[in-house]
Amino acid sequence: MSKQSFSGLSLIWRGLNRHRGWQNQWRKAAPKPRYDAVIVGGGGHGLGTAYYLAQEHGLTNIAVLEKGWIGGGNTGRNTTIIRSNYLFNESAALYDHSLRMWENLSQALNYNVMFSARGVMMLAHTVHDVQVSKRHIHANRCNGVDNEWLDPQQAKEFCPLLNIGDNIRYPVLGAALQRRGGTARHDAVAWGYARAADALGVDIIENCEVTGIRRDARGVEALETTRGLIYARKVGVSAAGHSSAVLGLAGVKLPLESFPLQALVSEPIKPIFPCVVMSNTIHAYVSQSDKGELVIGAGTDAYTSYTQRGALHINMHTLDAICELFPNFRRLRMLRNWGGIVDVTPDRSPIIAKTPVPGLYVNCGWGTGGFKATPGSAHLFAWTIARDEPHPINAPFTIERFRDGYLIDEAAAAAVAH
Amino acid sequence: MLLIPCPYCGERPEIEFTHGGQAHLVRPAQPADLDDQAWAEFLYMRTNTKGIHAERWRHAHGCGQFFNALRDTTTDHFLAVYKIGTPRPAT
């Protein structure tokens, strides 16, 4: 099947022709009885996995099953922040692999994912914050990840709205800046991967929930779904907050707990906010979308839940912090808020690995920070499924690390929010 | 915000409570006798139930007591609360 290629010229040409003739971006596929491999979960990670399976590993008789609609889960609910300034070597390799793929993703997919390396600035408010931030900066630099220290004046020059006065409860003492970090358009990531995978023959099947996983002596045999039985010897589960539920169908237990994580946006305003600002100590995440809304990330709720909604006081806590850091925002009205369900591991690092069931693979545990990893995660998960062994980058991110004591404890590396 | 029925104090807003995770996890009597797999199961593996979940809460900014609750994680409705050390009620 030939896909329309996007370019400036094609846009002008279609515009002159009253925008007639644009094609659907992917087919509405019906499930076939048998595939070589099936990906469960049609978010960015799952669609990307299917794309790389087809594009790099030549597996084209594959399908992506999505119980709702493409990109309707956490891919469409996150705050689109991209960075790779993680403390440990394993994490830095993983997230920087992803960041390097973001830089060329629009060209690779012929789809504008609007990646914008506008810089991610993480604020320090206490002496402890300053020490930990500097430790991160040195560790990142040893791993080839850019990160630099800014004093309060330099931080204000980078983000002029920032209040660096000493009239707030936790004054800004400095900031760590990753200039290569930034944002991307989350929906475009799902749509771009779906379109590119579809063009390589991948079936994208929406409204198809997995209700059972059949096993035989060789391992995975078939998936029971709301749209019938689908045979496949390789199944990759990329189901975010529902990973425990899906893997539970095959009798695999995971070290995960699923929490609601909320975000909100303000009314749209003219461009005033040039970067991403994060503060872990007083919990604020803010950036401005190309539509003009301030995109604000709140924390997880206190309890496990699958409701995709959370409590207002969690949002208020974040807004309190943002109003102190950016007094200009106090009179802004908030437009909407929502929640997603995030699967959190004990060490706040993901799992991209084989499971004890042959032919069954899992990509989960991204917690509150999976969007930034979308291309790298998908790329490594496809490798793991195609070759039945992990890529060196994701080799440490197993389920067995919890048994063997090789945690990648970004949870304890406290300057990193997840 | 949830209204949580503390078995000692009655319904109180969620901000008075801390969540204590999955209930009825019993620390093995002889941890040294466990192999690594069994110890990892105790430390890290969780049911992460989608549906009716038995969990611990503590009324931290109230009576200070721990208690157990059954909550439907697909709706956040509390179905029952019961005291620590008592078995999970039938639902």
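Could you compute the FRET efficiency for B:Ala32 and A:Ala108, with r as their C-beta to C-beta distance and R0 at 51 Å, rounded to 0.05?
So, using R0 = 51 Å, E works out to roughly 0.45.
Give me the orientation-averaged projected area of the Cα convex hull of region A:191-324, in nm², one decimal.
Taking the Cα atoms of region A:191-324, their convex hull projects to 11.8 nm² on average.
Under a straight-distance cross-link criterion of Cα-Cα below 24 Å, which lysines are reachable from A:Lys32, leaving out those fewer than 8 residues away in the same chain?
The qualifying lysines are A:Lys3, A:Lys67, A:Lys234.
Under a straight-distance cross-link criterion of Cα-Cα below 20 Å, which aspartates and glutamates are reachable from A:Lys270, leaving out those fewer than 8 residues away in the same chain?
Output for A:Lys270: A:Glu157, A:Asp290, A:Glu293.
What does the extension gain come out to for A:Ala217 and A:Ala395, with contour length at 0.36 nm per residue minus their alpha carbon separation?
Full extension of this stretch gives 61.5 nm more.
What shape does region A:125-165 have by the C-alpha gyration tensor, where a ≥ b ≥ c are the square roots of the eigenvalues, rounded means a/c under 1.5, and otherwise prolate means a/b greater than b/c and oblate the rest?
oblate
As an exercise, identify the trypsin sites (Lys or Arg not before Pro) in region A:304-345 lying in DSSP coil whose Cβ has no more than 16 other Cβ atoms within 10 Å.
Filter output for region A:304-345: A:Arg309, A:Arg333.
Calculated FRET efficiency, B:Ala80 and A:His57, Cβ-Cβ r, R0 56 Å, to nearest 0.05?
After rounding to 0.05, the efficiency reads 0.65.
Averaged over peptide B:46-58, how many Cβ atoms belonging to another chain are found within 10 Å of each residue's Cβ?
Average per residue, whole number: 5.
Given region B:3-83, report the % of alpha carbon pairs whose separation exceeds 16 Å.
55 percent
As an exercise, find the ratio Rg/Rh for the protein assembly as shown from alpha-carbon atoms, using the Kirkwood inverse-distance average for Rh.
My calculation of the ratio gives 0.97.
According to a simple spin-label model (label point 7 Å from Cα along Cα-to-Cβ), what is the distance in nm between A:Ala30 and B:Met1?
It is 5.3 nm.
Could you work out how much longer the chain between A:Asn328 and A:Leu16 gets when fully extended? Use 0.36 nm per residue separation minus the Cα distance between them, nm to one decimal.
108.1 nm
Going by C-beta contacts inside 10 Å, put A:Ile272, B:Ile4 in order with the fewest on the left.
Arranged by neighbour count, lowest to highest, A:Ile272, B:Ile4 become A:Ile272, B:Ile4.
Are there any trypsin sites (Lys or Arg not before Pro) in region A:116-194 that are in a DSSP loop and have at most 15 other Cβ atoms within 10 Å? List them by number.
A:Arg169, A:Arg179
Pull the list of chain B cysteines that no other Cys approaches to under 4.7 Å, Cβ to Cβ.
Within chain B, the cysteines lacking a partner Cβ under 4.7 Å are B:Cys63.
Any read-out appearing in this document is the output of simple, stated calculations on the displayed coordinates, not a laboratory observation. The shown structure was predicted, so the numbers you read here are calculated from the model rather than taken from an experiment. Neighbour counts run over all protein chains shown; Cβ positions are idealised from the backbone, glycine included.
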